[in-house]
Every structure is written in structure tokens, then in C-alpha cells.
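Inspection log for the structure reproduced underneath, given as C-alpha cells.
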Amino acid sequence: MLPYITVVGLALPVPALTLLVGIWIGTALAEKNAHRHKIKAENLYNLVFTALIAGIIGARLAYVFRFPAAFTTNPASLISLNFGLFDLVGGVAIGLIAAAVYSQRRNMSPWPTLDALTPAFAVFAVAFSLSNLASGNAYGAPTKLPWGIDLWGAARHPTQIYETLGAGLILWYLWPGRLKGNLKPGIIFMQFVALSAISRLFFEAFRGDSLLTANNLRVAQIIAWMVLALSLWGIFRLLWNQRPSIKNPVK
């Protein structure tokens, strides 16, 4: 695990840096291939930038709203770089709202835009798993396998590495230009969602930090099953709408 690196006397959080690098690389890849989906690269870049800035500000404001006492005694904490003072759910929600507003104002069609952003999502999934490896989050269950890693007092499945490899395979499969044929807008994105759900279903079984229900079912797997079902239904609907209509059939 490598939670921090020291550069010029500054302790920099490796997990956060990994996520930022993933966003940068993913956005660059999506921007370079935006023309494949008839999306302007400039609009795609501005969309990601708007969502990112709004998400960061929203995550801090959401945390302030939840825990105002943490800032009344020290208002300077509002601009602190402490990542523990961010509300992830609030930041994601506000970032998505900002992205939706921007795309609507720019008349960016939802499905082509999501397809164009899919490479960025896939790269970010790899970066997210690597950030967990650096921080020690999303750790595995104890194992006696020879490739177990010592973490939190036990030899554990390197689930962060498993998930990185899984995300890497998804990125390889969905690499811009690899899928051939005249694909209906939205298919690429829905494939990413479905494959990511399958990956989570499989690798969640090796996790040691899973949230369990009263019946010892893994909550993440339940959610993954639901996401997989919805994504497959979405793919079916997109393909069904693409089917050629039959007019004046010969009797």
C-alpha cells in the first residue's frame, strides 16, 4: 500500500492523484475519439470539466451541510485539501446535475454523449481500482493462496489487483474503434455498464469488506444483479428499436 508520497516536503495522497490521472487520461482518450459519435471534442471536454469542478465543490458543500460544526470553529477548513472532508455521494449527484445541464444547453444527445464518454469511464474504473490498491480500501478476504498480500494483519486476496485486471479487460474490449458495425447509439455505454456489473458480481466474492444483509447476502452483488438486469434490458430495447420494420409484407 502507498497512501502518500513525499514531493518537495509535501505529502501527496497517492489514491487521489491516481484518480486525477485516470480522469485526465480517460478524458483525453474520449476527446480524441469524440468524432466517432458525432460529438464535438470541445463540448465533451467542457462537459467533463464542468462536472468535475461542480462535483468537487458540491462534495465539500454537502459535507458542510451534513457537519456544519466541523467548520464553525475553523472556517479555513472550507478550502482544506483534506479528502476526508468531502461527501462523495453529494459530489457525484451535483456533478451529474451540472453535466446534465451543460449537455442540455449544448444540445448534446444523451446516448451518443454517453458512448463518447465510455472510454473515460473505462479508464477511470482502472484508476479507481489502482487507487484502492494504494489506499488499502476494497481489501480481500483472508486466503492461503500464494499470491495473497499481507494487509490488516492477514494474507488476503489482492482484490484491488483482480478488479484492476477486470477493468483493464473491459477497457480493452471497448477501446475506441474496436467494436465494428453500425451500432445503435447507447449500445457501447450499456455494454460497459453490463460488463462492469458482471465484474463486480464475480470479484465481490473475494472481498473482505462486503456489506452483508441479515441473510448474509452481499449488498454489492444484489445491486450488481439489478444493474446487470437493467443494462441487458436497455440493450434489448435499443436493439429492438433498431430492427427494420416490415412494410407491405407479401401474402
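Note the full-extension length gain between Glu42 and Ile97 as 0.36 nm times their separation in residues minus their Cα-Cα distance, in nm to one decimal.
17.9 nm
Applying the Karplus parametrisation 6.51 cos²θ - 1.76 cosθ + 1.60 with θ = phi - 60° to the phi angles of region 169-185, what ³J(HN,Hα) value in whole Hz is obtained for each residue in order, glycine and proline being reported as x?
Here the 3J(HN,Hα) series is 5, 5, 4, 4, 5, 9, 4, x, x, 6, 6, 9, x, 8, 7, 4, x Hz.
If the cut-off is 18 Å between C-alpha atoms, which aspartates and glutamates fall inside it for Lys184, apart from same-chain ones fewer than 8 positions away?
Once the sequence-local aspartates and glutamates are set aside, what remains near Lys184 is Asp115.
Multiplying the sequence separation of Thr72 and Leu211 by 0.36 nm and subtracting their Cα-Cα distance, what value in nm do you get?
46.7 nm
Go ahead and estimate [θ] at 222 nm for the chain from helices alone: -39,500 (n - 2.57) per DSSP H run with n ≥ 4, summed, over the residue count, rounded to 500. Display every interim value, and only then the final one.
Values: 8 runs with 149 residues, N = 251.
When only DSSP H runs of four or more count, the value is -20000 deg cm²/dmol.
How are the alpha carbon pair distances in region 115-251 distributed across 10 Å bins from zero to the largest one, expressed in percent?
Final binned percentages: 11, 33, 29, 15, 7, 3, 1, 0.
Estimate the FRET efficiency between Ala11 and Trp240 by the formula 1/(1 + (r/R0)^6), using the beta-carbon distance for r and 35 Å for R0, to the nearest 0.05. Show your work: numbers first, answer last.
On the way: r = 54 Å, r/R0 = 1.54.
For R0 = 35 Å, the calculated efficiency reads 0.05.
If I compute Rg and Dmax of the Cα atoms in Å from the structure I just sent, which labelled value in [x] 17.7, 52; [y] 20.9, 82; [z] 19.3, 60 lines up?
For Rg and Dmax of the Cα atoms in Å, the calculated option is [y].
Applying 1/(1 + (r/R0)^6) with R0 = 35 Å to the Cβ-Cβ distance of Ile56 and Ala155, what FRET efficiency is obtained, to the nearest 0.05?
Efficiency computed from Cβ-Cβ geometry: 0.40.
Summing Lys, Arg as +1 and Asp, Glu as -1, what charge do residues with Cβ under 11 Å from the Cβ of Ser109 carry, Ser109 excluded?
Combined, the nearby Lys, Arg, Asp and Glu give +1.
Could you tell me which trypsin sites (Lys or Arg not before Pro) in region 169-249 are loop residues by DSSP with no more than 16 other beta carbons within 10 angstrom of their beta carbon?
Qualifying residues, ordered by number: Arg178, Lys180, Lys247.
Order the peptides 1-10, 155-164 from the highest to the lowest mean number of other Cβ atoms within 10 Å of their residues.
155-164, 1-10
Any read-out appearing in this document is the output of simple, stated calculations on the displayed coordinates, not a laboratory observation. None of the values given here were measured: they were computed from a predicted structure. A quick note on method: Cβ atoms are made from the backbone with ideal geometry, for glycine too, and the neighbour counts reach across all protein chains shown.
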